[in-house]
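Inspection log for the structure reproduced underneath, given as structure tokens.
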Amino acid sequence: QVQLVESGGGLVQAGGSLRLSCAASGSIFSINAMGWYRQAPGKQRELVATITTGGSTNYADSVKGRFTISRDSAKNTVILQMNSLKPEDTAVYYCNADVISPILGKEDRYWGQGTQVTVSS
């Protein structure tokens, strides 16, 4: 099995910054893409940012220029640096990882438990 553990959420004022971290552990041969999604109350889960093994990134338009995704492949970790936060960024943030199993060699997507980010105005 694979576990993803997130940390770094919390309460911050508008204009502030937060850094989210997500570490994957367990039965891992390798990890392809990693990413962050978020879900606000009453809304569907939406993509925030993704990063490939080669370092290519993709961002939602709403966070471009404010958020930066990075990864440490040696530590199976993905980071989301969030700057210039806005109240509309308030949501539960989830990380995911596309993990290759060392036994079957197939890819499965795993999710973290989520971490709350609240931005006050």
Practice item. Kindly indicate which of Leu11, Leu4 is closer than 19 Å to Gln113 by Cα and open to solvent by less than 50 Å² (accessible area, probe 1.4 Å). Key: Leu4
Check your understanding: Within the group Asn58, Asn76, Asn96, which residue is modelled with pLDDT of 95 or more and open to solvent by 60 Å² or more (accessible area, probe 1.4 Å)?
Key -> Asn58
Exercise for review: Evaluate the range 15-22: report whether one residue or more is closer than 21 Å to Ile100 by Cβ and open to solvent by less than 40 Å² (accessible area, probe 1.4 Å).
Suggested key: yes
**Study point:** Search result, residues across the range 10-69 that are touching a Pro at 6+ places or on another chain (Cβ under 7 Å) and within 14 Å of Leu80 (Cα to Cα)
**Key:** none
Review point. Which of the following residues is touching a residue at least 12 places away in the same chain (Cβ under 8 Å) and among the hydroxyl-bearing types (Ser, Thr, Tyr): Ser56, Ser27?
Key: Ser27
Review point. Can we say Val12 is modelled with pLDDT of 95 or more, among the aliphatic types (A, V, I, L, M) and out of contact with any Gly (no Cβ under 9 Å at 6 or more places or on another chain)?
Key: yes
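The values are calculated or read from the model by the stated rules, or taken from the named source; none is laboratory data. These figures come from a predicted structure and were not determined experimentally. Here Cβ is always computed from backbone atoms with ideal geometry, including for glycine, and neighbour counts include all displayed protein chains. When the accessible area is computed, the model is the full protein with side chains, heavy atoms only, and any ligands, DNA or RNA have been set aside. Shrake-Rupley method; radii C 1.70, N 1.55, O 1.52, S 1.80 Å.
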